[in-house]
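The values are calculated or read from the model by the stated rules, or taken from the named source; none is laboratory data. The structure presented is a predicted model; accordingly, all values stated were derived computationally and were not measured. Cβ sites come from the backbone with ideal geometry, for glycine too, and all protein chains shown count toward neighbours. SASA here: full protein model, heavy atoms, side chains in, ligands and nucleic acids out. Shrake-Rupley method; radii C 1.70, N 1.55, O 1.52, S 1.80 Å.
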Amino acid sequence: MDPRRPGPGRRWPAGLRRRRRGAVPVSERYLAVAGQRVRVHVRFGVGDAPNPVPLVLCNGIGASYEVLDPLVDALDPARTVIRFDVPGVGGSPVSPLPYGFPYLAWALGRALSRAGVDVLDILGLSWGGALAQQFAFQNPRRCRKLVLVSTGTGAIMVPGNPRVLAKMVTPRRFRDPAYAAEIAGELYGGSVRGRGAEVATIMQKQLHGASKVGYLHQLLAGSVWTSLFALPLIRQDTLIVAGTDDPIIPMANARIMSRLLPRATVHAHAGGHIDLVTNADELAPVIDQFLDDPGEQP
């Protein structure tokens, strides 16, 4: 089955049919899942041999999917890329109740099924890395490969700098460009040091960042979740991308995860927490190469 196309007897929901952004066919729409409306964006693979396995991106805390534009633009255009806003972020309305990662992984699976997507690869950045781990754990046959970027094992992990983590208690940096530029270097490290204005510009591209309630729900989900004991059961080929100058998720977490995941490879780089976005031209080819390698199958 071609995951870029609807399954037998199914059609793309109306809003997921292709629109063109220049030469690249894209689609954006809302999907209703368990009473929750979720904003979804698809960039369809193009070229003579589009990649048959789509890549689903799970974003960091508080950020809508537009923040990932530099990464999507740097990935192989033959690869279909699917992004979404979690409840309370960007264009997705806030959830009436707090949620956990198991529920969110289930809801994501339902949304992808409605879009006709069966087998997929999944990438999670920071907070989204927890969701990606949970999805891979709950969907061992559906999830082909796993990419974990600047992430850890949740509530039980090697913590970052407390002074830095304190700046993440509120979503202010997503709403105040001047504040985002001021704290960017200290907060994210890596290629962002001395380039705070660039981060502020990226934040301004969002439809809008997380609401206060949406951000609180994300914080609560992370505070009660850990993958530490489940990692040995995640059998997918896994790429762990970690920066040696990451003030939020120290490099030690990547080493711990690589020891617990049966099929993990670590790619260490000299950058920081969000180099996947601010230095996408360097890291996107690493991800493409990993996803294109046949590797081992779970």
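Descriptive notes on the structure:
- Surface composition of the chain: carbon and sulfur atoms hold 57% of the protein heavy-atom accessible area at a 1.4 Å probe.
- Diffusion constant of the stretch 131-189 at 4 °C, which comes from Stokes-Einstein with the Kirkwood Cα-pair radius and 1.567 mPa s, µm²/s: 92
- Note: relative contact order over the chain, using C-alpha pairs below 8 Å and six or more positions apart, is 20 percent.
- Long-range HN-HN contacts of Asp246 with modeled amide H, under 5 Å: Met251
- Max-minus-min Cα coordinates of the stretch 29-148 on each principal axis give 45, 29, 26 Å, with the largest extent listed first.
- Here the stretch 202-260 is treated as a sphere whose radius is the Kirkwood value from Cα pairs; by Stokes-Einstein at 25 °C and 0.890 mPa s it diffuses with a coefficient of 171 µm²/s.
- With only the Cα atoms considered, the stretch 170-242 has a convex hull volume of 138 Å³ per residue.
- Between amide H atoms placed 1.01 Å from N, distances below 5 Å from Val33 occur with Val38, all of them 5 or more places distant or on a separate chain.
- Given R0 = 30 Å, the distance between the Cβ atoms of Val213 and His267 translates into a calculated FRET efficiency of 0.25.
- Gaussian network model of the chain, Cα within-10 Å springs - most flexible of Ala105, Ala270, Ala136: Ala270
- Between Val158 and Arg195, the FRET efficiency from the beta-carbon distance, with R0 = 22 Å, is close to 0.25.
- Within the chain, DSSP assigns beta bridges of which about 40% are antiparallel (rounded to the nearest 5).
- Seen through its C-alpha gyration tensor, with square-root eigenvalues sorted a ≥ b ≥ c, the stretch 241-298 comes out oblate because a/c lies at 1.5 or above while a/b is not bigger than b/c.
- Ordering of 209-221, 158-170, 59-71, 254-266 by packing is 59-71, 209-221, 254-266, 158-170, highest average first (other Cβ atoms within 10 Å, averaged per residue).
- Largest-first principal axis extents of the Cα set of the chain (Å): 54, 38, 38
- Sorted largest first, extent of the stretch 131-276 alpha carbons per principal axis (Å): 43, 34, 27
- Residue-by-residue Karplus 3J(HN,Hα) for the stretch 70-81, coefficients 6.51, -1.76, 1.60, Hz, glycine and proline x: x, 5, 4, 5, 8, 6, 3, x, 6, 9, 6, 10
- Taking the C-alpha atoms of the stretch 116-165, convex hull volume expressed per residue in Å³: 79
- Relative contact order (%) - the stretch 58-163, alpha-carbon pairs under 8 angstrom, separation at least six: 27
- Across the stretch 25-70, the relative contact order, built from alpha-carbon pairs under 8 Å that are at least six residues apart, equals 26 percent.
- Long-range amide H partners of Ser95 with built H, under 5 Å: Gly88
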